[in-house]
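Trainee: This is the structure I want to talk about, given as structure tokens.
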Amino acid sequence: MSIPEGWTDDMRVSLAPGKTIPELVSLIMDALAKGDAPPDLVPVLTEEFGMTIEDVNLAFDRVPGGIVRALTGNIANRPDRAKDPLAYESFDRVWRTLPRRGLFSSARKAAGPWKAWLERTLGRSMDD
């Protein structure tokens, strides 16, 4: 399947010198965990991280996207590190916290604070 004209699968963002993807992901994940609205971070991201508003919006999509993909419990859903570094970083952080489905299984179970976050966000249990 080819990508439609004008679209890209490159989900990288540009950051100010000295700022890193892990720092950016930490900032957004901390806000999400506290229940803060990501738009409250816009001034910090544009001023301190030197991001364009387009990159800010992309970050607000990709960080939660990585969290949700990890909560599927399937390692095949891990984002591409080079093309989608924000989702990769948030996926990896959440993945490391998830319990294995079984002793010899690579699959994981959705559990813990990020499962609770997603359930609050969705307004329903993932176990339904």
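Trainee: Return the only residue of 55, 84 being under 19 Å from residue 31 (Cβ atoms) and of a type in the set (Asp, Glu). First the steps, then the outcome.
Mentor: Values: 84 fails: under 19 Å from residue 31 (Cβ atoms).
Of 55, 84, the one residue that is under 19 Å from residue 31 (Cβ atoms) and of a type in the set (Asp, Glu) is 55.
Trainee: Name the helices (runs of 4 or more DSSP H) wholly within the range 34-118 that hold at least 2 residues that are at pLDDT 95 or above and either over 15 Å from the mean Cα position of the chain (by Cα) or loosely packed, with under 12 Cβ neighbours inside 10 Å (or both)?
Mentor: So the answer is 42-47.
Trainee: Something else: Given the criteria assigned to a helix (DSSP H, G or I) and either of a type in the set (Gly, Ala, Ser) or surrounded by fewer than 19 Cβ atoms within 10 Å (Cβ to Cβ) (or both), does residue 31 qualify?
Mentor: Yes: the conditions hold for residue 31.
Trainee: Additional query: Do we have residue 10 as acidic (Asp, Glu), touching a residue at least 24 places away in the same chain (Cβ under 8 Å) and either loosely packed, with under 14 Cβ neighbours inside 10 Å or part of a loop (DSSP other than H, G, I, E, B) (or both) here?
Mentor: Working: acidic (Asp, Glu): yes; touching a residue at least 24 places away in the same chain (Cβ under 8 Å): yes; either loosely packed, with under 14 Cβ neighbours inside 10 Å or part of a loop (DSSP other than H, G, I, E, B) (or both): yes.
Criteria met by residue 10.
The values are calculated or read from the model by the stated rules, or taken from the named source; none is laboratory data. The structure presented is a predicted model; accordingly, all values stated were derived computationally and were not measured. Note: ideal-geometry Cβ built from the backbone for every residue, glycine included; neighbour counts use all protein chains shown.
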